[in-house]
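Have a look at the structure below before the remarks.
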Amino acid sequence: MGAAGFLSPSFLRSLVPAMGKFGSTSATGFHAAAQRNPEGIGLIDEAGEMTFGELDRSTNAIARALASAGVKAGDGVGLFARNHRGFVQAQAALDKLGANTLLLNTGFAAPQLKEVCKREGTEVILYDEEFRPMVEEGAGHLTRFLTFAESPAEEKTFDALASAHDGADLEAPSQQGRVTVLTSGTTGTPKGAQRTLKRQGLDTFVGLFGRMPLRTGTRTLIAAPAFHSWGGFHLLIAAQLGSTVCMQRRFDPERTLEAIQRYRPEVLAVVPVMMQRILDLDPTIVARYDTSSLELVCASGSALPGELALRWMDTFGDNIYNFYGSTEVAQATIAQPDELRAAPGTAGRPPRGTTVRILGEDGKELPQGQTGRIFVANENQFDGYTGGGNKEIIDGLMSSGDVGHFDEEGLLFVDGRDDDMIISGGENVFPREVEDLLSDHGDVVEASVIGVPDPEFGQRLKAFVVLKDGASADQAALQAHVKSNLARYKVPREIVFLDELPRNPTGKVLKRQLAEL
């Protein structure tokens with residue numbers, strides 16, 4: 001079943017009442033699936049399988065345990081966990097309570113954890129055992145429960161909570177909770193972007209399925225971090241479609257291929273750097289695994305270079321769906337495989353229910369082909385930053401924070417961040433096109449470009465490049481490659497060669513760290 005299956009009377013008979021209780025949440029999807037098919041497999045992780053019925057009952061019990069510890073609707077609860085059943089159970093239990101969930105980045109150190117929890121008013125923290133040192137230092141005063149533990153602990157684990165409380169159905173919470181996702185923080189301290197768990201219209205989902213044909217009752221392997229918008233989106237959608245969620249605690253390229261062969265998922269949710277690392281495996285390793293079950297490889301979280309998309313499709317088939325959006329604006333456009341073949345690097349077209357416009361500095365819409373700021377309108381946009389403030393809004397459209405253009409076919413291309421523009425000698429340069437060109441060079445794995453101060457030009461371009469094993473390209477060769485394809489002022493004055501680019505857990509390059517090199 002596709003979108004039509006989602007809209008079928010039999011499916012809606014279980015989903016609509018659940019949505020009436022818990023809103024547009026993962027708890028809704030798992031509860032509805034438990035009514036339809038309690039013995040169906042709802043989740044698979046390294047600990048084994050859980051049925052939809054087990055998921056629903058365990059999250060009821062965990063919600064009751066948290067309530068007995070004082071957690072109520074509207075309370076702030078931090079979730080500091082990797083991709084495993086504990087994350088899923090925590091999110092669903094908090095949804096059932098109407099608590100406000102703060103999704104914490106698993107790459108945090110103790111000072112960041114302390115700062116964010118204090119700023120967001122967090123009162124309870126649910127966390128994996130491996131993060132105990134950070135929690136004790138940065139959030140030791142909070143009420144604590146373990147989402148995952150490999151050894152005995154003083155804190156109560158989710159297994160203990162589930163076994164000690166009643167798993168019967170819960171009443172609807174007194175208010176719907178909200179989820180706060182932290183922005184990537186690639187250029188500074190992460191902000192909290194909050195989104196109320198609204199009862200969204202079916203038009204939103206039908207529009208998404210029109211561009212990204214997810215189906216009911218399939219299997220989804222979520223490799224992208226669940227604490228991030230992209231992994232969280234696929235957890236939500238898989239739950240509401242009654243799909244089996246497959247997870248591994250840590251990403252490893254070969255283990256991901258092994259999981260695809262073992263679990264046979266139709267959907268794989270990734271960030272582009274994960275695709276890059278899978279393709280970097282020796283071809284003989286890739287060939288060992290049967291990945292023929294994959295129908296949709298859904299990529300987002302950072303830019304998908306055209307060359308990477310083509311390499312992936314040449315290796316695994318034409319199954320990439322490139323999703324462009326942000327934590328703040330939600331969905332903007334989706335590129336389908338045929339569009340990526342015809343126009344590598346495109347972000348695609350807006351789904352039904354979403355409007356995307358390119359605006360100039362005066363706020364007026366620009367003609368096709370001209371580069372300007374990208375503005376988006378849909379019903380999934382965030383409610384604002386928890387510390388105050390919002391993205392700029394013009395005529396009901398919200399800034400994505402990026403610049404881009406539509407080509408003559410109506411396909412969107414993202415040219416860079418609107419605050420990432422480099423002005424060198426009076427000329428505007430967006431790093432993305434230089435990065436893509438460098439990455440297209442046969443000796444280059446990946447590249448990142450920043451602007452650094454220059455006494456003559458104001459700013460100059462500095463590139464950071466990772467070469468393939470055994471490659472011999474030097475600075476002069478790569479500069480000549482750029483010069484032969486782009487204007488002179490877009491040629492990096494300096495190229496630094498690195499073993500790898502610094503990235504956050506969602507795969508975005510940390511340009512502030514590059515600026516310190």
Open item on the list: Quick test for you: out of Leu66, Leu43, Leu102, Leu97, pick the one residue that is surrounded by 23 or more Cβ atoms within 10 Å (Cβ to Cβ), farther than 23 Å from Leu214 by Cβ and either under 20 Å from the mean Cα position of the chain (by Cα) or among the basic types (Lys, Arg) (or both).
Closed with: Leu102
Open item on the list: Could you go through the range 192-206 and let me know if any residue there is at pLDDT 95 or above, surrounded by fewer than 22 Cβ atoms within 10 Å (Cβ to Cβ) and either more than 28 Å from Gly416 (Cβ to Cβ) or not assigned by TED's automatic domain parsing to the domain that holds Asn504 (or both).
Closed with: no
Task: Cβ-Cβ under 8 Å pairs, at least 6 apart or on other chains, the range 246-259 side closer than 21 Å to Leu236 by Cα, far side among the aromatic types (Phe, Trp, Tyr) - done: Cys246/Tyr263; Met247/Phe87; Arg249/Phe148
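Residue-by-condition table, conditions (1) among the charged types (D, E, K, R); (2) over 20 Å from Gln175 (Cβ atoms); (3) surrounded by fewer than 19 Cβ atoms within 10 Å (Cβ to Cβ):
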{"position": "Phe52", "(1), (2), (3)": "no, yes, no"}
{"position": "Ile62", "(1), (2), (3)": "no, no, no"}
{"position": "Gly74", "(1), (2), (3)": "no, no, yes"}
{"position": "Gly86", "(1), (2), (3)": "no, yes, no"}
- [ ] Determine if the range 35-51 includes at least one residue that is touching a helix residue (DSSP H, G or I) at 6+ places or on another chain (Cβ under 8 Å), assigned by TED's automatic domain parsing to the domain that holds Phe145, modelled with pLDDT under 95 and at positive phi.
- [x] no
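For the range 267-341, which helices (runs of 4 or more DSSP H) that fit wholly inside it have 2 or more residues that are touching a Lys or Arg at 6+ places or on another chain (Cβ under 9 Å)?
Details: elements: 272-279, 283-286, 306-316.
Correct list: 272-279, 306-316.
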Open item on the list: Cβ-Cβ distance below 7 Å, separation of 6 or more or different chains: which pairs start in the range 366-386 with a residue that is farther than 22 Å from Val206 by Cα and end on one that is outside any strand (DSSP E or B) and among the small types (Gly, Ala, Ser)?
Closed with: Leu366/Gly360; Gly372/Gly360
Open item on the list: Please determine whether any residue of the range 33-54 is polar (S, T, N, Q), in contact (Cβ under 8 Å) with a residue 12 or more places away in the chain and under 28 Å from Phe108 (Cα atoms).
Closed with: no
TODO: Considering only the range 380-423, state which residues are surrounded by 19 or more Cβ atoms within 10 Å (Cβ to Cβ) and of a type in the set (A, V, I, L, M).
DONE: Leu397, Met398, Val403, Leu411, Leu412, Val414, Ile422
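Among the strands (runs of 3 or more DSSP E) contained in the range 424-494, which hold 2 or more residues that are buried (at least 21 other Cβ atoms within 10 Å of the Cβ) and without any contact (Cβ under 8 Å) to a residue 60 or more places away in the chain? So that I can check it myself, show each step before the final result.
On the way: elements: 427-429, 444-454, 458-467.
Those strands (runs of 3 or more DSSP E) span 444-454, 458-467.
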Open item on the list: If a residue must be farther than 13 Å from Gly140 by Cβ and assigned to a loop (DSSP other than H, G, I, E, B), how many such residues does the range 105-124 contain?
Closed with: 7
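The values are calculated or read from the model by the stated rules, or taken from the named source; none is laboratory data. This structure is a prediction, so every number in the text was calculated from the model and none was measured. A quick note on method: Cβ atoms are made from the backbone with ideal geometry, for glycine too, and the neighbour counts reach across all protein chains shown.
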